[in-house]
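Note sheet for the following structure.
The values are calculated or read from the model by the stated rules, or taken from the named source; none is laboratory data. Remember, it's a predicted structure, so these values are computed and weren't measured experimentally. Quick reminder, even Gly has a Cβ in these numbers, built from the backbone with ideal geometry, and neighbours come from all protein chains shown. Ligands, DNA and RNA are stripped out before the accessible areas are found, and what is left, the full protein with its side chains, is counted by its heavy atoms. Shrake-Rupley method; radii C 1.70, N 1.55, O 1.52, S 1.80 Å.
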Amino acid sequence: MNRSSIAIFASGRGSNLQVILDAVQAGDCPVDVRLVISDRADAAALTIARQCGVAHVIHVDPKAFPSREQYDAHCAELIDQHAIQWIVLAGYMRILSAPFVRRFPGRIINIHPSILPAFTGAHAIEDALRYGVKVSGCTVHLVDEVLDGGPILAQAVVPVHDDDSVESLHARIQQEEHRIYPATLKRLVEARFQIDGRRVIWQQPSQTA
Ligand code: GRF
């Protein structure tokens with residue numbers, strides 16, 4: 001069977017990118033990471049991808065494009081050019097434009113550091129701490145045109161401790177991210193699911209044969 005080809009979009013540290021590449025390397029995630037795109041030239045994610053031998057590792061500079069739509073249109077061309085099936089956002093700090101999301105319906109996933117629908121947006125961990133929640137966690141979801149709003153594929157919960165800082169809570173959440181993101185990607189390419197309203201109903205591979 002051909003492996004599903006994926007692209008990973010990342011802006012930062014790239015620890016989720018790293019665990020996905022590790023899982024692929026270990027034979028635990030049957031995908032081909034064919035393309036990595038970053039909007040930041042200095043993103044550690046780019047270095048990790050190059051060191052791991054990803055075939056196409058590309059910095060797409062936002063300053064080279066007059067609008068977000070044109071930037072995203074260029075990324076979409078790269079997706080088509082490399083015959084990518086799934087787009088995996090891993091700490092990608094740009095909001096995707098509506099035409100990009102509409103061009104790849106049900107083919108973009110994201111990981112967010114909260115239990116959605118609580119604490120959407122770029123400051124989820126700070127917002128959760130400030131609100132005083134006693135548990136938080138992470139969510140893997142399909143991307144639609146609503147920010148952090150698509151149907152939920154997987155979630156994991158962590159406790160919030162009284163002495164937590166943003167850094168300590170983020171570190172605990174990332175441990176769960178690193179567990180569920182490669183596992184959900186594996187499930188995505190091996191199993192099928194139906195969407196009932198907002199609910200993602202998974203079917204095991206044996207049921208879909
Ligand atoms: C993760 O916490 C993820 O939930 C959020 O951005 C962070 C990316 O971390 N969307 P990394 O770059 O994968 O280490």
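State which residue is farthest from the ligand (Cβ to nearest atom) when the search covers only the range 73-105 and only residues that are open to solvent by less than 50 Å² (accessible area, probe 1.4 Å) and over 20 Å from Leu17 (Cα atoms). Looking at the filtered set, the residue picked out is Ala73. Touching a residue at least 40 places away in the same chain (Cβ under 8 Å), assigned to a loop (DSSP other than H, G, I, E, B) and closer than 14 Å to Asn110 by Cα: is that true of Asp144 in this structure? Criteria met by Asp144. Cβ-Cβ distances below 9 Å connect no pair with a first residue in the range 53-68 that is more than 15 Å from Val24 (Cβ to Cβ) and not assigned by TED's automatic domain parsing to the domain that holds Leu17, a second residue that is loosely packed, with under 15 Cβ neighbours inside 10 Å and of a type in the set (D, E, K, R), and a separation of six or more residues or different chains.
From the set of residues in the range 109-123 that are in contact with a Phe, Trp or Tyr (Cβ under 8 Å, 6 or more places away or on another chain) and not in a loop (DSSP other than H, G, I, E, B), which is farthest from the ligand (Cβ to nearest atom)? Ranking the qualifying residues of the range 109-123, first place goes to Ile109. The single condition from (1) touching a Phe, Trp or Tyr at 6+ places or on another chain (Cβ under 9 Å); (2) in the same structural domain as Leu185 (by TED's automatic domain parsing) that Val36 fails is (2).
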